[in-house]
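Participant: Before I ask anything, let me first share the structure, which is written out below as structure tokens.
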Amino acid sequence: MIFELNVFLYLVLFALAIVALKNKDLVVSAISLGGFSFCMAILYSSLGAVDVGLTEAVIGAGVNSVIVVAAIWHLRTSKQ
């Protein structure tokens, strides 16, 4: 069960990384990187590093995504 979950998470991580790199819209890239970070948190937790997974979920998927989206929004409004 854990092996199948890990393989699925690796595939999702690969897909999210490709979306983040190939997309022209910065907001979509930032959201996909937040999803990447959240999948990494799940992967860390399934591998037994629950403390690292929790830290990745809070900082990587939560705070970092909000800061990046806010910076993109601020750049877009200052250009107009």
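Where a number appears in this text, it was derived from the coordinates with a stated rule and is not lab data. Here the structure is a predicted model, which is why all the values come from computation and not from measurement.
Participant: Give the span of the chain's Cα atoms along each principal axis, as three whole-Å numbers ordered largest to smallest.
Facilitator: For the chain, the Cα spread along each principal axis is 51, 25, 11 Å.
Participant: Please report the relative contact order for the chain, taking Cα pairs under 8 Å with a sequence separation of at least 6, and give it as a percent rounded to a whole number.
Facilitator: Rounded, it is 27 percent for the chain.
Participant: Right, something else. By how many nm would the segment from residue 74 to residue 52 grow when fully extended, if each residue of separation counts as 0.36 nm and the alpha-carbon distance is taken off?
Facilitator: 4.8 nm
Participant: Could you run the Karplus curve 6.51 cos²θ - 1.76 cosθ + 1.60 with θ = phi - 60° over the stretch 44-56 and give me ³J(HN,Hα) per residue in whole Hz, x for Gly and Pro?
Facilitator: After applying 6.51 cos²θ - 1.76 cosθ + 1.60, I find 4, 5, 6, 8, x, 9, 5, 5, 5, x, 5, 5, 5 Hz.
Participant: A further question on this structure: What's the angle, to the nearest 10 degrees (0 to 90), between helix 64-79's Cα axis and the longest principal axis of the chain?
Facilitator: The helix 64-79 is inclined about 20 degrees to the chain.
Participant: Ok, one more. Whole-Hz Karplus ³J(HN,Hα) for the stretch 5-22, in order, using 6.51 cos²θ - 1.76 cosθ + 1.60 and θ = phi - 60°, x for Gly and Pro?
Facilitator: Once rounded to whole Hz, the list reads 5, 5, 5, 4, 5, 5, 5, 5, 4, 4, 5, 5, 5, 5, 4, 5, 7, 8.
Participant: By how many nm would the segment from residue 27 to residue 3 grow when fully extended, if each residue of separation counts as 0.36 nm and the alpha-carbon distance is taken off?
Facilitator: Here the answer is 5.4 nm.
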